[in-house]
Structures are given as C-alpha cells and as structure tokens.
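Below: the structure, in structure tokens.
The values are calculated or read from the model by the stated rules, or taken from the named source; none is laboratory data. Model, not experiment: these values are computed from the prediction. Here the Cβ positions follow ideal geometry from the backbone for every residue, glycine too, while neighbour counts run over all protein chains shown. For the accessible areas, the whole protein counts, side chains as well, though only heavy atoms, and no ligand, DNA or RNA atoms are used. Shrake-Rupley method; radii C 1.70, N 1.55, O 1.52, S 1.80 Å.
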Amino acid sequence: MRQALRHAKSGTVSSLHPAVKARARAAWQAGQAHAKRGAWDLATSSFESAARHDPRDPVIALNLARALMAQRRCDEAAAAAARAYDMNPRDPVACAYTAHCLMEGRRFRDAAHCLQSLPEDMERGFDYWSTLARALQHAHQPKEAIDAYLNALALNITDANSHYQLGLCFNDLVLKTEATQCFETALALGAGPHELGVRALLAYFARDACHWSGAARALEELARTLQATPDDAALATAPFAHVTLQDDPADLLKAARMLSNQLAQRARPLPPRASDWQPGRRRLRVGYLSADFHQHATCILLAEMLEQHDRERFEVTLYSHGKDDGTAMRRRIEAACEHFVDLRGSTDREAAERIRADGCDLLIDLKGYTAHNRFAIFGWRPAPVTASFLGFPGTTGADFIDYFVGDPVVTPLSHQAFYSERIAQMPTCYQPNDRQRALPAPPARIEEGLPEDALVLAGFNQPYKISPEVFDTWCALLTELPQALLWLLDWNGQARANLEREAAARGIDPARIVWARRKLPAAHMARMQLADLFLDTWPCNAHTTASDALWAGVPVVTFAGRTFASRVAASLNHAVGMAELVCDDVPHYVRTVAGLVRDPARRAALRQRLIAARADSPLFDSLRFTRDFEALLLRMMQRHVDGLPPAPLPALQP
C-alpha cells in the first residue's frame, strides 16, 4: 500500500488541450500542496477539480482516492480508485489501492473480487497474496483465505503475521491442532506487538482441542509475557482467552485494558453530547449493539426481555452488524424492537455517527471481545452513557464504557477494583431468560445412546472449559461412582480423541463417556432432560448452557471462583433457589455430586423444585427482569442528567 501512495503522489497529468491541461495541472498541484499539509478537504476539492478537467488521468483519480480515504470517505475513495483501475486494468497499484479502500470500508468480498480481477499474466507478489488472503478471511471464506496465505508464505516463509492469520483460518474450519501449529510458528519467528494475543490464542486453541500439555506450556508463557508487559501498553490481546482460561481478575483487567487502549488510539471521539432526556419529558432512547441478532445464545436469553420493554418509557433500537440467518429467531428479534438498523458495511466512524444521529441516550454493548465484535465503535463515543451487558464475561478494560451490568453474586462490589467500568447490579441475577424457550418432550434414552439404568452426569460445556483439574475431578467421580457415566458434547473430533485418551490414562474406560452430537436448540433442550445432574466447569462456568439445564429441570453443581466467568452458574443457582449446589472448593464439589448420585430421592426433589421454578422463580420471570433492568438503566441516566460521573450502583432490594 505504501507503493500505491507513492504512485498517487508522483504522477504526471495526461496529454490534453494546452489550456485544459494547464487548469488540470494547476488544480492537481494545489491538491498536492493541500495534501502535504494535511488539509484533506481542500485537497479533495482540488483533485475533484483536476478530475473534471481531465477525467481520464489515473494519477489524478488515485490522488483523489487518497484524499478521500484520509477523511474516511471509504466508498467514495473506492469509487475514485476504481476509476483509475478501469483506465488501466494492468496497473497493480491501482488494483491494490482500490482493494485497500474497499477493505477500509469493510467491503471485503468486493476487495477480494477486485484483486482477483488482475489479469492472470500479471506478476503477483507477497503483498498481493497477503492482502487477498486478508480480504477473503474477513469475508468469511477461510478455505480460500488459506490458499492465499499459503501462496504468500511461498514467497516469504518467515512472515510471522501470515502464519498467525493462517492459524485463525484453520480455527474457523475447526482444525485446532493445525491452528496451534501456525501460532507456534508465528511465535518462533517473532510475533512482535502481537505476541501477547498470539500466546493467548495458542493456549485457548490448545485447550479447545483438549491438548492439555500444549495448553499448560502456553498458559505459563502467557502469564510470563503478561507480567512483563507494562500496564499501560496498547496492544492486540485476546481477552476472551484470558477470561475463560485464567482465574486472576487483575490479569484479566490488564489484558482487556491493553486492547481497549489500542482501540482507543484508532478512534477519534465525536464531540461530547449531553443527553436532554428527563423523566416524563420523553422516552429514553436505548440502543443495543451486537452481531448476534439471530439464532445465537445471546438472543436465546434476550428475546423476551426485548419484547417486554415498556414502549411508553423506552424507545429501543437494535444496531446489528451481523448476518441475517433467516431463522424464526431473527424475525422475532426484529419484531421485538422499535427500530432495527443494519450496520454491516459501515465503518466504525460511520456506525458511531449513525448512532449519534439517532439521538441514542444509552448504548449497550452485547459483544465485548467475543467473535465478530465491533467494540471499537464505542471508542468514538457515540452515546452519552454506555454499558457492557451479557455478551462478554468480564471487564472490557475500556475507559469509554461507563457501566458493567452484573449482580451481587457475579460482581460483588468488593470486586470493583477489577473492573474499568462501574459495577451496576441487578437485584437478583444479571442473566435474562426466555419463558418461551423450547422444551419438547424428551426422547427415549436409547435414541441418545444412553443406558436406561445409568446415572447420567452431563458436562455440556465446550471443550475449552474442560481443564485437566476439571477432568481429574470428573474421572475421580466416575471411579467412585461405578453406576455413573459422563455425557459430553461432541464439539470437535480432536477434543473427543484427546479426552478419550486422557480418560484411559486415568483408569476410566472411554466407553463410559457418551458423546452428544450437535443439535438445534429445541432438540438439545429435549435431550437435556435425560441427564440426572449437570456438572459445571471452572474457572469458566456454563452460562447459557447452565440456564438451559435449569430450565430442563436438571440440577447444576458448580464451583464459584474469583472471576465473573467462574461465578455465573452460582448466580443462576441462587436466582432459581438452588444455592445449596454452589460449592466453595473442589472437595465440596466432589462431596455434593457424590451425595446426590447416592440419593435418588433428593435428586427427584431437586428436579421437582426446578420444574416449579419455571413458573415462580426470579430467574425465569422475564417481566420482572425487564422492569428491574429498566430501573437500572434509569439510574445510570439519572446520574448523567444530574451532572454526576458514573458510580457503582448497588442492587436495590425488590
């Protein structure tokens, strides 16, 4: 791309009538002078004038594209660069700059098509292949991106970033072992400022494959690297790996803050805007930002809460930057709000400006640092008050997020030091639930490969949550309880093979593990009812999966740790009246599970309590949850309109 910019600065004006040529050259030179001093609006006007005089000069078109890009007018820049490319389809610089503009405008598929349109006989270097690979990767075409990265590496095998990106593509194809190998290569070559993030993902993917020796080494190196990095660094990290694999809340905050610092550097906050909202004067404009407004765990939890919002007091807008999967859930979510805005294709600035133009008073992030997030939009400060809710199980580390929605169990106020946001507590549980969640009749056990007389211990968490300590505990329980079997999700083949090998190494016949294949939510909820107990993991608990189990009438035994992610199931159990199944340590967890296995009458009583809880517990009372949540939002806004800074908001007793 630097080559493209040099080309855009150094061209000559094409042959014209002398008078027209002189006017074009004068305008072009004026544009160059304005560009040199960073006056990009004036440069744009001058280059536009030059282009009107000489619309067939590709250099003028590229200079115009450059000036437009400097103002983040990505679509206009792409159009100008494309005109230059059309004038000379054999110009690799015009092709590359057009693709660059398209990618900056998040038009990744168009960028890939542009690069692929270069004539076949033209030489394709490392920059071409790596740019094409990145475009295909962001266009969600990992197989094609892998081919392009391999072509790039054939020309420069020592490029650490290409190995890193190749690993991400392998992960998208659920090839965890291949992904970890790519990350190890990237680290060996020197990942530079990406080192911390690569090490976190290396540990995460190794755990997701249940390759525990590799994960242990990676976690040790991750901890060492994090410790050696200054607290105020601005780096690409992987906070999701930290919150799911580690249990030191100070480390989680540090990793998140580094990434938020980097995002803040890339944003230019919009001018401050105070909200003019006052109670009773108009409705509060609340926006929710997410890529997951479709068949996704977030919407499985959130749908009924959105439907229950008080339209007389709240004007709700969903800002979506994810796919429309065509499901009934997508249609339900669209109908649950007053406004549904599709931000796909918008840059972060454009998205922030749209939210600002809508007059949003309070913007809520539902993604944090999970996959396909657009968290950087918040760095532009699009709304007077901001909050993080539901999607990310930990602090964002961001100075541009005001509140973190939790509850007295997941986020006791004594944990405030580990949150960059101010903790805002719901009175009972932070997690919404949907009373319309499907619960079909259970299938016969034989249909799921379960013996009729077995005691079924379900561990339906994803493999990255199953640590060696967790699996040691489960295998010890299987040894102690010969009538029990373990029911796990067949999430990926690599994890299954490794867990069966680890079970055998612990003296457990792998046949005592029954594998549940992936199913659609309704079918999964039907079979969930066949379990006798749900065994939780730590330091990252079951979240949506735990509320699934409770809705299905299956008691959840959990161990509450020091972080949000390790306290979610405890919060759910408290809210559903099952506090006695929250354990303080691993021995307590083992005693609780073993006691329940040996006491069928108590298990039956717990199941009946859970069935009754569907109708009368706070966890499944979506209307009560919505009103409590609305009251919390109003408390946030009231502080703002009173001219007060964000502050911790303790739970109000119902």
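Brief remarks on what is shown
- Using just its DSSP H runs of length 4 or more, each adding -39500 (n - 2.57), the chain gives a mean residue ellipticity at 222 nm of -16000 deg cm²/dmol after division by all residues.
- If the segment from I611 to A441 were pulled out straight at 0.36 nm per residue, it would be longer than the present Cα-Cα gap by 59.8 nm.
- Segment D453..A154, full-extension length gain: 101.9 nm, with 0.36 nm per residue of separation and the alpha-carbon distance subtracted.
- Reachable lysines, given that their alpha-carbon falls under 26 Å from the alpha-carbon of K21 and they are not under 8 places away in the same chain: K9, K36
- Among K36, K323, the sequence by solvent-accessible area, most first, with a 1.4 Å probe is K36, K323.
- Order of exposure, largest accessible area first, which applies to D365, D251, D584 with probe 1.4 Å: D584, D251, D365
- The gain in end-to-end length when the T327 to R501 segment is fully stretched comes to 58.8 nm, 0.36 nm per residue minus the alpha carbon separation.
- Couplings 3J(HN,Hα) for the range 226-240, derived from phi with the Karplus relation 6.51 cos²θ - 1.76 cosθ + 1.60 (θ = phi - 60°), are 4, 4, 7, 8, x, 4, 9, 5, 10, 9, 7, 10, 10, x, 4 Hz, where x marks Gly and Pro.
- In this structure the range 275-324 gives 36 Å² per residue of accessible area when probed at 1.4 Å with all protein chains present.
- Inter-label distance for E469 and F126, nm, one decimal - labels placed 7 Å from Cα along Cα-to-Cβ: 4.3
- R311 accessible area, 1.4 Å probe, all protein chains in place, Å² to nearest 10: 90
- Using θ = phi - 60° in the Karplus curve 6.51 cos²θ - 1.76 cosθ + 1.60, the 3J(HN,Hα) couplings for the range 164-180 round to 4, 5, 4, x, 4, 5, 4, 5, 4, 9, 6, 10, 5, 4, 4, 4, 5 Hz; x is entered for Gly and Pro.
- Positive-end residue, the chain charge dipole about Cα centroid, Cβ charges, pick of A238, I355, H163: I355
- In the context of the full protein assembly, S420 retains an accessible surface of approximately 20 Å², using a probe radius of 1.4 Å and ignoring ligands and nucleic acids.
- 20 Å reach of a label modelled at H588, 7 Å along Cα-to-Cβ, counting backbone N of the range 473-517: 473-474, 477
- FRET efficiency for K143 and Q116, using Cβ-Cβ distance with R0 set to 22 Å, rounded to 0.05: 0.90
- Using only side-chain charges placed at the Cβ, +1 for Lys and Arg and -1 for Asp and Glu, the dipole size of the range 485-602 relative to its Cα centre rounds to 260 debye.
- Put the Cα centre of the range 485-524 next to the Cα centre of the range 312-370 and the gap is 38 Å.
- The residues of the range 180-257 expose on average 37 square angstrom of accessible surface per residue, using a 1.4 Å probe on protein heavy atoms.
- L253 accessible area, 1.4 Å probe, all protein chains in place, Å² to nearest 10: 20
- Carbon-plus-sulfur accessible fraction, the chain (probe radius 1.4 Å, protein heavy atoms only): 52%.
- Around the Cα centre of the chain, unit charges on the Cβ atoms of Lys, Arg, Asp and Glu (plus for the first two, minus for the last two) sum to a dipole of about 1620 debye.
- Remark: the range 347-426 carries 25 Å² of accessible area per residue (probe radius 1.4 Å; ligands, DNA and RNA excluded).
- Cross-link reach is defined here as a Cα-Cα straight distance under 28 Å, omitting same-chain residues fewer than 8 places apart; for K143 the lysines meeting it are K176, K323, K367, K465, K519.
- Projecting the Cα atoms of A565, L644, A594 onto the charge dipole of the range 549-654 (Cβ charges, centred on the Cα centre) puts A594 farthest toward the positive pole.
- When Cα extents along the principal axes in Å is computed from the coordinates, the matching label among (i) 88, 60, 49; (ii) 99, 63, 46; (iii) 92, 75, 59 is (ii).
- Taking amide hydrogens as placed 1.01 Å from N in the peptide plane, the amide H of T396 sits under 5 Å from those of S420, E421, each at least 5 positions away in sequence or on another chain.
- Charging the Cβ of each Asp and Glu at -1 and of each Lys and Arg at +1, and nothing else, the dipole of the range 90-139 about its Cα centre rounds to 260 debye.
- Annotation: amide H of W487 within the under-5 Å range of L457, A458, G459, V514, sequence separation 5 or more or interchain, hydrogens built in the peptide plane.
- Taking θ as phi - 60° and the Karplus parameters 6.51, -1.76 and 1.60, the scalar couplings of the range 433-447 work out to 9, 10, 5, 8, 3, 4, 8, x, 4, x, x, 5, 4, 4, 5 Hz in sequence order, x denoting glycine and proline.
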